[in-house]
Amino acid sequence: MKIQFIVHCWLDAEKILGVSQKGFAIKLRSDAWVNERIRIFKKFTLQSLLNQSFNNFRIFLFCGQRFRHITESFDLGTDRVERMYDYGRQSYQEIEADHVSIMRIDSDDLFHRSTMRQIYGLVLDGRQFFSARQMIQWNILHNFISNIKVIVSPFTNHLIPKKIYKNFNELNERQFQGYRSAPELLKHRSVCIIRHRQNVTWQRIGKDQGSQNYLRQEMAKRKYFIRNRNAIIQILSRYGVRKEQVPK
């Protein structure tokens with residue numbers, strides 16, 4: 001059975017997944033927001049994908065149409081990334097594998113260097129649908145790392161047969177169908193979430209990441225909490241982050 005492994009990376013400001021508040025989503029959509037997310041994607045997310053120990057996969061970067069004047073022109077320094085302005089509609093028609101394996105990530109998240117190898121192994125073992133729920137977060141503003149667990153994980157992998165992925169409407173529906181119930185099979189800390197001023201979730205729930213009160217709250221409630229820079233550098237190196245990219 002031939003399988004094409006794909007990572008769906010979401011940069012699209014028109015279709016911010018998981019954001020139900022329309023007014024909030026519209027507020028985020030600006031040239032400045034897109035430019036900052038591109039910077040983070042290029043500096044961190046992309047490097048974590050290029051750093052994978054298993055690299056036989058394609059990277060689809062979903063950009064959307066509204067900010068094409070920005071997303072079409074920036075230089076990524078690699079030809080591994082395929083920019084999508086139709087959510088992959090044409091690209092899926094050109095694939096001839098028996099199945100596609102689709103893993104989702106946002107443009108400001110990181111994969112551990114073993115994440116895609118884990119996915120490869122799980123798919124070969126017959127796992128068709130799984131997720132990561134226990135991960136770490138790197139807060140750039142305060143420069144700490146802590147654990148985080150989510151009940152509903154956006155980091156899901158789907159194995160989809162050719163008869164479905166060739167039908168774009170069905171693919172679009174299937175890709176996110178039932179992701180709330182995806183079993184947790186990826187190892188702890190397979191994913192690192194970056195917390196920064198443009199982080200969608202934190203802006204939506206009104207978290208002030210810059211406040212000392214926020215820092216004290218995080219320190220009090222997290223069992224796994226690291227502020228030592230050398231330890232942070234060592235941990236983040238497994239996610240493609242270089243020493244000089246970690247704040248002092």
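The values are calculated or read from the model by the stated rules, or taken from the named source; none is laboratory data. Fair warning: this is a prediction, and the values are worked out from it, not measured in the lab. Ideal geometry is used to build each Cβ from the backbone, glycine not excepted, and the neighbour counts take in all protein chains shown.
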Would you please name the residue that is farthest from PRO161 (Cα to Cα), looking only at residues in region 94-122 that are out of contact with any His (no Cβ under 8 Å at 6 or more places or on another chain) and aliphatic (A, V, I, L, M)? LEU110
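For region 184-194, which positions are among the aliphatic types (A, V, I, L, M) and within 17 Å of ASP109 (Cβ to Cβ)?
If we filter region 184-194 for residues that are among the aliphatic types (A, V, I, L, M), which is where we start, we get 185-186, 191, 193-194.
Of everything in region 184-194, those that are among the aliphatic types (A, V, I, L, M) and within 17 Å of ASP109 (Cβ to Cβ) turn out to be LEU186, VAL191, ILE193, ILE194.
This table checks each residue for (1) closer than 15 Å to ARG104 by Cβ; (2) among the aromatic types (Phe, Trp, Tyr); (3) under 16 Å from the mean Cα position of the chain (by Cα).
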position: ASP125; (1), (2), (3): no, no, no
position: PHE129; (1), (2), (3): yes, yes, no
position: GLN134; (1), (2), (3): no, no, yes
position: ASN143; (1), (2), (3): no, no, no
position: LYS163; (1), (2), (3): no, no, no
position: ARG174; (1), (2), (3): yes, no, no
position: ALA182; (1), (2), (3): yes, no, no
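Only one residue in ILE151, ILE233, ILE205 is surrounded by fewer than 17 Cβ atoms within 10 Å (Cβ to Cβ), modelled with pLDDT of 95 or more and among the β-branched types (Val, Ile, Thr). Which one?
Working: ILE151 fails: modelled with pLDDT of 95 or more; ILE205 fails: modelled with pLDDT of 95 or more.
Going through ILE151, ILE233, ILE205 in turn, just one is surrounded by fewer than 17 Cβ atoms within 10 Å (Cβ to Cβ), modelled with pLDDT of 95 or more and among the β-branched types (Val, Ile, Thr): ILE233.
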Tabulated pairs, region 60-72, first closer than 18 Å to LEU46 by Cα and at pLDDT 95 or above, second surrounded by fewer than 21 Cβ atoms within 10 Å (Cβ to Cβ) and charged (D, E, K, R), C-beta under 7 angstrom, 6+ apart or interchain: PHE60/GLU82; LEU61/GLU82; LEU61/ARG83
If GLN52 satisfies every condition in (1) under 27 Å from ASP125 (Cα atoms); (2) modelled with pLDDT under 95; (3) in contact with a Phe, Trp or Tyr (Cβ under 8 Å, 6 or more places away or on another chain) but one, which is the exception? (2)
Of the residues in region 135-156, how many are among the hydroxyl-bearing types (Ser, Thr, Tyr) and either in a loop (DSSP other than H, G, I, E, B) or in contact with a Pro (Cβ under 8 Å, 6 or more places away or on another chain) (or both)? 1
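Given ASP86, ASP12, ASP75, which one is of a type outside the set (S, T, N, Q), touching a Cys at 6+ places or on another chain (Cβ under 9 Å) and at pLDDT below 95?
Values: ASP86 fails: touching a Cys at 6+ places or on another chain (Cβ under 9 Å); ASP75 fails: touching a Cys at 6+ places or on another chain (Cβ under 9 Å).
Going through ASP86, ASP12, ASP75 in turn, the sole match is ASP12.
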Listed by first then second residue, the pairs whose first member lies in region 225-244 and is among the aliphatic types (A, V, I, L, M), whose partner is loosely packed, with under 14 Cβ neighbours inside 10 Å, with beta carbons under 6 Å and at least 6 positions apart or on separate chains, are ILE233/LYS243
